[in-house]
């Protein structure tokens, strides 16, 4: 028993001693190991955190939308701050055929997301084994759906993209950019540097609401008169601010396409045309400005035709009287009377007058697409034909400037579509003030009197005045039966504020169209009797003024 107890005690003592030594040793070793492991873990955590922060910051920087980025372009907005052009981050998705594992399965998944895609074409592209995009500018919903597919072959990317919320509405003004984000036409080109560096939006003088209404009426005109194109410009005659500039056909800015169709020309700024009788206003104005005539100067025994260098000059209407005042010559749009006025003015004075109001030379403008009038070789016959708008060319933009100067009291005007802090520069008079006092009432009578050629523009409450112009198009040096019909209107004539030009390119008569006089008489006429500006461009201008007049009279009521 004692031996057993002794044995048991020794075992217990042994165990206690062993346990104590073992615990002391393990505690020391475990602490050192844990400290070492913790240090390593902390070091790796720190390094990993720094790496995550670095790449996270880099990723955030890469996709952030800040004005100083390489692909950023500042917004373009209209006078009411409606967005016309904007740079946004968009999502694109493409296919890397080399990563496609199950082509049928991939196509089936894509058909669910893009049911309207041409998958036969996509399948062919996959077979070519080269990366290609299947959709650009994905909506957030589509982008999420693509990511949820979990297909490694679907490559997504985020990119700063230029979008145009107004679509076609300002296409000829805004212009295009290329795939490298450089402007190649319109304001995108002429303001390329400013758009890339400015933080603030670039504000235009254009009004999207008015632009929409005018464009809509021009589209209707294309259907009515089957034109190959049309154009309109609405400008403030006092400060040159352009509220609307439309040229049809136009194009969708959101589709980057190479524009090879010459019919897509900007007819207002780039189109160079013979515009016909709208030049007769300049002839009469030059006579008044040079003090060789007044509006009451009489011209008697005017012949029905003249001959110059073997070529006849005739009246467009045999009913025009042979005895007319200068005012009546302009109201009735007489060719022979215009020639007689020009002969009184003289070649040098008429040339200087046209040059002074900006008709003869290329104009400086906010966009680069500007046409240059054809040079003129002056002489007696050229003096005669220029007097009624034959054998002389200009752009509708320059025509608007010329009419602005004639109607605003004779002050110089610089047209612009850029809204600056002030576009009201110091007024510089370049014409005798009597020109506007004499011309404006005559333009009003062209619209209000039966002898005038623009009765369909007599819209109540707006005091519209204006002048028509019907010109044959010159094709390969020969005059054709194809026409350019133009109407230039000024309103209100008692205190001119706006010039509106409507140009129709190659209009055709419409046998079914119903015309209505705007004087409340109820008079109506079916069919286009003559393919002249009075029956085409004037009709459309009247409809435009009816629609935009209330906006101009309320939003821009300070002018009334």
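The values are calculated or read from the model by the stated rules, or taken from the named source; none is laboratory data. These figures come from a predicted structure and were not determined experimentally. Cβ coordinates were reconstructed from backbone atoms using ideal geometry, including for glycine residues, and neighbour counts include every protein chain displayed.
Restricting attention to segment 78-99 and to residues that are part of a loop (DSSP other than H, G, I, E, B) and in contact with a helix residue (DSSP H, G or I) (Cβ under 6 Å, 6 or more places away or on another chain), the residue that is nearest to residue 175 (Cα to Cα) turns out to be 78. Which residue, of 426, 467, is free of Cβ contacts under 8 Å to residues at least 24 places away in the same chain and either within 25 Å of residue 295 (Cα to Cα) or not in a helix (DSSP H, G or I) (or both)? Only one candidate passes the filter, namely 426.
The set of residues in segment 303-341 that are crowded, with 16+ Cβ neighbours inside 10 Å and either at positive phi or at pLDDT below 95 (or both) comprises 306, 313, 315, 316, 320, 333. On the basis of being touching a helix residue (DSSP H, G or I) at 6+ places or on another chain (Cβ under 8 Å), surrounded by fewer than 23 Cβ atoms within 10 Å (Cβ to Cβ) and at pLDDT 95 or above, does residue 268 make the cut? Answer is no for this residue.
Can residue 348 be described as within 39 Å of the chain's Cα centre (by Cα) and either surrounded by 16 or more Cβ atoms within 10 Å (Cβ to Cβ) or assigned to a loop (DSSP other than H, G, I, E, B) (or both)? Criteria not met by residue 348. In the set 336, 329, only one residue is in a helix (DSSP H, G or I), farther than 29 Å from residue 429 by Cα and in contact (Cβ under 8 Å) with a residue 12 or more places away in the chain; that residue is 336. Among the residues making up segment 470-518, those that are farther than 25 Å from residue 263 by Cβ, under 26 Å from the mean Cα position of the chain (by Cα) and not in a loop (DSSP other than H, G, I, E, B) are 489, 490, 491, 498, 499. Evaluate segment 430-449: report whether one residue or more is over 21 Å from residue 280 (Cβ atoms), in contact with a strand residue (DSSP E or B) (Cβ under 8 Å, 6 or more places away or on another chain) and not in a loop (DSSP other than H, G, I, E, B). No, that holds for no residue. Scoring residue 149 on the criteria (1) loosely packed, with under 13 Cβ neighbours inside 10 Å; (2) more than 24 Å from residue 253 (Cβ to Cβ); (3) in contact with a helix residue (DSSP H, G or I) (Cβ under 8 Å, 6 or more places away or on another chain) leaves a single failure, condition (1).
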